[in-house]
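Working notes, beginning with the structure itself.
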Amino acid sequence: IIVPTAAGGGNDVIARTIGEKMADSMRQGVVVENKVGASSIIANEFVARAAPDGHTLLFNGPLIVQTAALMSKLSYDPLTDFIPITEVIRTPLWLAVNASKVPARNLAAYVALAKANPADYPYASIGAGSSHHLYGYHFNTVNGLSLTHVPYKGGAPAVLALLSGEVASVFLDYVSLKPHVESGKLRLLASTGTKRSPLTPDVPTLAESGFAGFESYGWGALFAPAKTPMGVVAQLHDEINKALRHPDVVAKFQGFGFEIGGTPQAQFATQYRADYERWTTLIRKADVKLE
């Protein structure tokens, strides 16, 4: 399993957890190899060129489709050079605000405040072109706002900026936000996705609050090279699902704030293509480039 991020990080832990269970079930070794850099392009290229025999897989998130719009030229096509097998985990993002800086307790009130004083409500992200940035851009667009985007190098500095009042809001994962929500320093206004998260049942989705275009989830999924026989893909899908049903895997992933994946292959492939279209459209509208 090729992972585009460093050993010890979130994606690496997820891949190693699922790989260990697959190894036990299949009675063969599963090695996780980290190929870091270039917004996951190095890892993606390696797997795209690998033999299509089911022995080399890629673990990646939405960045695999986002880079197609962020980069002017790639040596592979994310739609034709990979077979999406299934997502291992998925998670929405939450729109959080600084509780002392932002008095609003719902989206309508927040939009009204931001429209009245846009300079007071900059929003953070974990980097230009990230899902977090693009959701913020889309939030600006659908509400006719002109809030300033402030990119940070990761979730931790973005949270610190929000806590200090340097920014007013951020779209971020629940694990990063949870301790500060519980302390009362941050407030959750909404989440992305199609339904409320079981982690925050009292927090509405943007969709149910009347804001369209926020239905996508973040996910971590496994991919095989194109031309891998579909019988092999089906076997891998079964093994991934088997691993995801282990109680210790469920407990671990849910403890991280993730929902368990395992969507049927054809359904996930459809979702993958829809995410490609959604993110490509947003990136082009935002005019973001990484080169």
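Please say if segment 162-291 is rounded, prolate or oblate, where rounded means a/c under 1.5 for a ≥ b ≥ c the square roots of the C-alpha gyration tensor eigenvalues, and otherwise the choice is prolate for a/b larger than b/c and oblate otherwise? List each step's numbers first, then the result.
Working: a/c = 2.19, a/b = 1.39, b/c = 1.58.
Judged from the Cα gyration tensor, segment 162-291 comes out oblate (a/c at least 1.5, b/c at or above a/b).
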Margin query: Along the Cα→Cβ direction, 7 angstrom out, place labels at L145 and N241. What is the inter-label distance in nm?
Written below: 4.0
Next item on the list: Classify segment 1-141 as rounded, prolate or oblate, taking a ≥ b ≥ c as the square roots of the eigenvalues of its Cα gyration tensor: rounded when a/c is under 1.5, otherwise prolate if a/b is larger than b/c and oblate if not.
Entry: prolate
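Under a point-charge model restricted to the Cβ atoms of Lys and Arg (+1) and Asp and Glu (-1), what is the dipole moment magnitude of segment 162-215 relative to its Cα centre, in debye to the nearest 20? Write down the numbers at each step before the final one.
Working: 5 positive and 6 negative charges, 19 e Å.
Charge dipole of segment 162-215: 100 debye, to the nearest 20.
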Next item on the list: Calculate the dipole size of segment 14-161 relative to its Cα centre from +1 charges on Lys and Arg beta carbons and -1 charges on Asp and Glu beta carbons; express the result in debye to the nearest 20.
Entry: 440
Next item on the list: Using 0.36 nm per residue of separation minus the Cα-Cα distance, give me the extension gain between A128 and T194 in nm, one decimal.
Entry: 21.3 nm
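How high is the relative contact order of the chain, in percent, with contacts defined as C-alpha pairs under 8 Å that are six or more residues apart?
Numbers: 541 pairs, mean separation 83.0, N = 291.
Once divided by the residue count of the chain, the mean separation gives 29 percent.
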Note to self: Name the residue from N98, V233, Y152 whose Cα lies farthest towards the positive end of the charge dipole of the chain, charges +1 on Cβ of Lys and Arg and -1 on Cβ of Asp and Glu.
What the structure shows: N98
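Note the full-extension length gain between R27 and L290 as 0.36 nm times their separation in residues minus their Cα-Cα distance, in nm to one decimal. List each step's numbers first, then the result.
On the way: separation 263, 0.36 × 263 = 94.68 nm, distance 4.17 nm.
The span from R27 to L290 would gain 90.5 nm if fully extended.
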Next item on the list: Distance check, please: which entries in K252/K289; K35/K289; K21/K289; K35/K242; K73/K101 exceed 32 angstrom between their Cα atoms?
Entry: K252/K289; K21/K289; K73/K101
Check: Using the beta-carbon distance between R273 and R49 and R0 = 22 Å, what value does 1/(1 + (r/R0)^6) give for FRET efficiency, to the nearest 0.05?
Finding: 0.50
Note to self: Run the numbers for V250 and K153: contour at 0.36 nm per residue of separation, minus the present Cα-Cα distance, in nm.
What the structure shows: 32.0 nm
Notebook entry, point to check: Once amide H atoms are built 1.01 Å from N in the peptide plane, which residues 5 or more positions from T86, or in another chain, come under 5 Å H to H?
Noted result: L222
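In the neighborhood of P84, defined by Cβ-to-Cβ distances under 12 Å, what is the net charge if each Lys or Arg adds +1 and each Asp or Glu adds -1?
Details: positive: R273; negative: D81, E87, D275.
Surrounding charge for P84 is -2.
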Notebook entry, point to check: Going highest first, how would you order 63-72, 104-113 by mean Cβ packing within 10 Å?
Noted result: 63-72, 104-113
Item checked: Cα gyration tensor, segment 98-164 - rounded (a/c under 1.5), prolate or oblate -> oblate
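Computed from the coordinates by the stated procedures, all read-outs in this text should not be read as laboratory data. Because the structure is predicted, anything quoted here is derived from the model rather than measured. Cβ: placed from backbone, ideal geometry, glycine included. Neighbour counts: every protein chain shown.
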